Amino acid sequence: MRTQAETYDELVKGLWRDNPVFVQLLGLCPALAVTNSAINGLAMGAATTFVLVGSSLLVSSLRNIIPKQVRITSFIIVIATFVTVADLSLQALAPAVHKELGAFVALIVVNCLILGRQEAFASRNTVRASLADAGGMSLGFSLALLSLGAIREILGSGSLFGVDLFGPLFEPWVIMILPPGGFITLGLMLAVFAHLRARRERAHKEAGDELDERWVA
Amino acid sequence: MPEVDWRELVWIFVAASVVNNFTLSYFLGLCPFLGVSGRIETAVRMGLANIFVMVVTSVCAWFLNTFVLPHAPYLRLIAFIVVIASTVQFVEMAIKKLSPALFRALGIFLPLITTNCAILGLALFQTNRGYGFVEGIVFALGAGVGLTLALVLMAGIREENELASLPEALKGAAMSFLIAGILSLTFMGFAGLFSSAA
């Protein structure tokens with residue numbers, strides 16, 4: 001039986017340490033394709049959250065019934081069902097957002113993050129742990145999409161969530177909301193994170209070996 | 001058989017391969033784009049396998065759209081995935097039997113790409129734009145050629161890049177994304193083809 005602390009750990013690991021986009025480099029297609037504004041990134045994050053949490057719930061409760069040989073196919077059918085639900089509901093409830101995201105809602109099916117979590121986690125853990133894992137991963141994913149979308153929108157259209165930030169004097173960097181901007185923004189963000197991580201590790205090393213020995217013991 | 005409009009087909013091909021390149025302007029198929037673009041030779045083979053699967057996909061999608069899905073539109077996603085994946089598997093088995101050489105060249109890539117986002121994206125775009133049988137195949141060929149082009153370019157640049165001295169933080173994925181951004185910028189130039197023609 002998992003303790004409270006372990007469940008909490010499953011939840012928070014997706015936010016930073018194992019962030020799906022910035023660390024695992026999963027689910028990149030939607031992460032770049034729809035993040036030309038903060039609101040689109042958020043909408044995509046919400047849709048993915050719904051699919052990931054729903055599929056993890058179903059897969060982890062059915063994990064003892066699904067035969068090993070056909071597990072991938074079963075996962076895909078579960079995921080495709082949730083995506084169809086999300087696609088049709090979005091079309092009915094928020095047609096404007098649905099039009100903006102286009103075929104990318106349907107393409108959540110092939111987001112490797114979702115299938116990856118089913119195979120690596122939900123199919124071999126309890127419902128509670130799987131829900132925590134799915135929740136954390138989708139939060140991390142949404143956060144990544146939101147930050148990418150916000151950066152690209154601020155630089156590319158001079159606004160955030162559609163609210164004008166800089167007034168008429170600002171000349172927007174249109175390239176940021178076009179495809180190349182997506183690649184470049186993510187590339188630079190990865191570089192910054194890699195730099196920060198390297199600096200922290202160096203700081204740990206310089207802080208003295210005594211400390212490390214104590215941690216190991 | 002309706003008259004085939006060659007001009008239109010050429011436009012579909014050009015649009016799918018360079019102007020709206022699947023990888024560089026739709027961000028589809030990024031996983032193979034980053035994963036197998038280390039060597040030119042692997043990239044070429046991956047690209048060829050992709051063209052092949054895309055054509056198979058296009059035929060499957062056309063078949064489903066024409067005969068099956070009008071009766072049950074809500075099954076679109078599930079039907080696409082299951083039918084495409086199993087058809088590719090069958091074709092793979094047939095190739096293994098008929099042409100072991102071709103299988104050795106493309107074989108290992110086929111399972112990897114049966115349902116990556118470029119493949120499903122192709123089926124969905126084809127449906128949304130209402131392409132017929134011939135148009136669908138041309139669209140698939142164009143998209144596949146475009147993907148191959150992007151992969152091979154990327155592999156070529158990365159091979160050169162191995163010898164460059166990069167800052168520590170830029171090594172690996174970060175640099176790949178920056179290169180992809182510049183490639184994507186280059187490909188945007190092709191959009192001029194359309195505006196000048198119109």
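Does B:Thr57 satisfy the criteria of being of a type in the set (Ser, Thr, Tyr), within 14 Å of another protein chain (Cβ to nearest Cβ) and within 30 Å of A:Phe82 (Cβ to Cβ)? Spell out how you get there, then give the answer.
Details: of a type in the set (Ser, Thr, Tyr): yes; within 14 Å of another protein chain (Cβ to nearest Cβ): yes; within 30 Å of A:Phe82 (Cβ to Cβ): yes.
Yes, satisfied.
The range B:80-198 holds helices (runs of 4 or more DSSP H) entirely within its bounds, and those carrying 1 or more residues that are modelled with pLDDT of 80 or more, at the interface with another protein chain (Cβ under 10 Å from one of its Cβ atoms) and surrounded by fewer than 20 Cβ atoms within 10 Å (Cβ to Cβ) map to B:117-128, B:173-188.
If you go through the range A:106-121 and keep only what is assigned to a helix (DSSP H, G or I) and over 15 Å from the mean Cα position of the chain (by Cα), you end up with A:Ala106, A:Glu119, A:Ala120.
One line per residue, one yes/no per condition, for (1) away from every other protein chain (no Cβ under 14 Å); (2) not in a helix (DSSP H, G or I):
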residue	(1), (2)
A:His98	no, no
A:Ser123	yes, no
A:Leu131	yes, no
A:Gly136	yes, no
A:Ala144	no, no
A:Arg152	no, no
A:Glu171	yes, yes
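Using the structure shown, decide if A:Ser89 is buried (at least 19 other Cβ atoms within 10 Å of the Cβ), in a helix (DSSP H, G or I) and at pLDDT 90 or above. Against the criterion (buried (at least 19 other Cβ atoms within 10 Å of the Cβ), in a helix (DSSP H, G or I) and at pLDDT 90 or above), A:Ser89 does not qualify. If the condition is being in a loop (DSSP other than H, G, I, E, B) and either within 17 Å of B:Ala79 (Cβ to Cβ) or of a type in the set (D, E, K, R) (or both), then the range A:63-86 contributes only A:Arg63.
Whether a residue is within 14 Å of A:Met44 (Cα to Cα), modelled with pLDDT of 85 or more and touching a Leu at 6+ places or on another chain (Cβ under 7 Å) was assessed, and A:Ile108 does not pass this test. Pairs linking a residue in the range B:4-23 that is closer than 23 Å to A:Ala103 by Cα to a residue that is at pLDDT 85 or above and outside any helix (DSSP H, G or I), with Cβ atoms under 8 Å and 6 or more positions apart or on different chains, are B:Ile12/B:Tyr131; B:Phe22/B:Leu28. A:Ala134 fulfils the conditions (1) out of contact with any strand residue (DSSP E or B) (no Cβ under 7 Å at 6 or more places or on another chain); (2) at pLDDT below 90 except for a single criterion, (2).
With the structure loaded, tell me whether A:Ile175 is surrounded by fewer than 20 Cβ atoms within 10 Å (Cβ to Cβ), in contact with a strand residue (DSSP E or B) (Cβ under 6 Å, 6 or more places away or on another chain) and part of a helix (DSSP H, G or I) or whether it fails that test. No; evaluated as a whole, the condition is false for this residue.
The values are calculated or read from the model by the stated rules, or taken from the named source; none is laboratory data. Just so we're clear, the structure is a prediction, and the values are computed from it rather than from any experiment. Ideal geometry is used to build each Cβ from the backbone, glycine not excepted, and the neighbour counts take in all protein chains shown.
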